[in-house]
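The values are calculated or read from the model by the stated rules, or taken from the named source; none is laboratory data. Everything quoted here is computed from the prediction, not taken from an experiment. Don't worry about glycine lacking a Cβ; one is built from the backbone with ideal geometry, like all the others, and counts go over all protein chains shown.
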Amino acid sequence: METQVKNSNFNIVSKKKKSTSLSLGYNPYAKDKLYAVLFLGPSLLVLTLFVFYPMLRTIYLSFFLTNNLGKPTVFVGLKNYLSLLSSSAYLNSLLATLIYVVTVSIFTIAIGLVLAQAATRKVAGINFFRTIFSATMGVSVSVAAIFWLFIFNPSVGVLSQVFTALNLTPINWLTEPGWAMTSVVISTVWMNLGFTFLIFFGALQSVPYTLYEAAQIEGVSKNYQFFHITIPMISPTIFFVSIITLIESFKSFGLIDLMTAGGPNNATNLLVYRIYQDAFLNGNYGLASTESVILAVIIAIFTFIQFKVLEKRVTY
């Protein structure tokens, strides 16, 4: 009884203290809010300056005509959007971008997965091949562009020398529209393979080996194991890589700028490079802002479709 009385008295006293502190304006969570502001404040400030404000400014400029300094002059509403969507040049760039993105994404994921699967085998010298497969992660865009320009050079390039040795007609890789797009796709896939390979290789290491042992005991073929054990087990990783690869493909700029500069005949003039040309070469910041907004919407639509289609096939 005495213990119960003491506990009840303590609860009454604590409640009185809490009510007194609240009546005096003291907030017990004020210190937590202060810490939250101190820790999140710098990040929010950086995001506001370099992400949120430029994004809102871009949307704002897309409704105006601008001068060479990027200042809005005349409000035109949706005319920038309507003129772009009715422009054959812009629609050709959009089509080239879609072809480029789909091709790069498919080949990057497929080749990266095949290389990662091959790198899991226990053979002599496999560590050397693992290093080679992931080496492109340490190569800058400028170095990669020089490397592939040397390979695709029509006179002294490696491919031209091989074609000549085989008595074949050399291909003008960077001066013919169809082959120029092929060249850029090959270069981009090569650049992306290092990252894709490492992600897939890490995912394959997490697959329990007991599943393969059970399949071998049942006499299941390697192909069946790959499509019915490996793929379902690493499906979350495939889902992640597909989204990252698609978004990065839409943002490709460096290799195109250094290898083809959007040519020939605008065959490789993708949406990002077109934005760069309109904004920094032609000084048309209003039109470039409109193109940026449309590109952001396209990326959001493709990402949404991926979530709706691919997430249903993911096994967690």
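Does Ile199 fit the bill of being assigned to a helix (DSSP H, G or I), of a type in the set (A, V, I, L, M, F, W, C), under 16 Å from the mean Cα position of the chain (by Cα) and buried (at least 16 other Cβ atoms within 10 Å of the Cβ)? For Ile199, the condition - assigned to a helix (DSSP H, G or I), of a type in the set (A, V, I, L, M, F, W, C), under 16 Å from the mean Cα position of the chain (by Cα) and buried (at least 16 other Cβ atoms within 10 Å of the Cβ) - is met.
Among the candidates Glu248, Glu291, single out the residue that is modelled with pLDDT of 90 or more, in contact with a helix residue (DSSP H, G or I) (Cβ under 6 Å, 6 or more places away or on another chain) and of a type in the set (Asp, Glu). Steps first, please.
Values: Glu248 fails: in contact with a helix residue (DSSP H, G or I) (Cβ under 6 Å, 6 or more places away or on another chain).
So the residue among Glu248, Glu291 that is modelled with pLDDT of 90 or more, in contact with a helix residue (DSSP H, G or I) (Cβ under 6 Å, 6 or more places away or on another chain) and of a type in the set (Asp, Glu) is Glu291.
Taken over the range 206-223, residues that are under 14 Å from Gln117 (Cβ atoms) and either touching a Leu at 6+ places or on another chain (Cβ under 7 Å) or surrounded by 10 or more Cβ atoms within 10 Å (Cβ to Cβ) (or both) amount to 3. Return the residue satisfying two criteria in turn: it lies in the range 71-101 and is under 22 Å from Phe253 (Cβ atoms) and among the β-branched types (Val, Ile, Thr), and of such residues it is farthest from the chain's Cα centre (by Cα). Residue satisfying both the conditions and the ranking: Ile99. Residue count for the range 280-311 under the criterion of being touching a residue at least 60 places away in the same chain (Cβ under 8 Å), buried (at least 19 other Cβ atoms within 10 Å of the Cβ) and more than 19 Å from the chain's Cα centre (by Cα): the result is 6. Number of residues in the range 142-191 that are assigned to a loop (DSSP other than H, G, I, E, B) and either of a type in the set (Ser, Thr, Tyr) or at negative phi (or both): the value is 15. Would you pick out the residues in the range 46-64 that are in contact with a strand residue (DSSP E or B) (Cβ under 8 Å, 6 or more places away or on another chain), part of a helix (DSSP H, G or I) and surrounded by 13 or more Cβ atoms within 10 Å (Cβ to Cβ)? Result: Leu61, single match. For the range 259-268, indicate whether the set of residues that are more than 26 Å from Leu61 (Cα to Cα), touching a residue at least 12 places away in the same chain (Cβ under 8 Å) and assigned to a helix (DSSP H, G or I) is non-empty. Within the range 259-268, one or more residues are more than 26 Å from Leu61 (Cα to Cα), touching a residue at least 12 places away in the same chain (Cβ under 8 Å) and assigned to a helix (DSSP H, G or I). Of all residues in the range 65-86, none are buried (at least 17 other Cβ atoms within 10 Å of the Cβ), of a type outside the set (A, V, I, L, M, F, W, C) and part of a loop (DSSP other than H, G, I, E, B).
So in the range 157-185, with the set limited to residues that are touching a Leu at 6+ places or on another chain (Cβ under 9 Å) and small (Gly, Ala, Ser), which one is nearest to Asn266 (Cα to Cα)? Looking at residues that are touching a Leu at 6+ places or on another chain (Cβ under 9 Å) and small (Gly, Ala, Ser), I get Ala180. Within the range 116-136, the set of residues being modelled with pLDDT of 85 or more and not in a helix (DSSP H, G or I) comprises just one member, Thr120. Among residues of the range 141-162 that are under 21 Å from Ile256 (Cβ atoms), those with a beta-carbon under 6 Å from a residue that is part of a helix (DSSP H, G or I) and hydroxyl-bearing (Ser, Thr, Tyr) at least six positions away or on a different chain give the pairs Trp148/Ser187; Phe152/Ser183; Pro154/Ser160. Report whether or not Asn269 is under 18 Å from Met181 (Cβ atoms) and loosely packed, with under 14 Cβ neighbours inside 10 Å. Against the criterion (under 18 Å from Met181 (Cβ atoms) and loosely packed, with under 14 Cβ neighbours inside 10 Å), Asn269 does not qualify.
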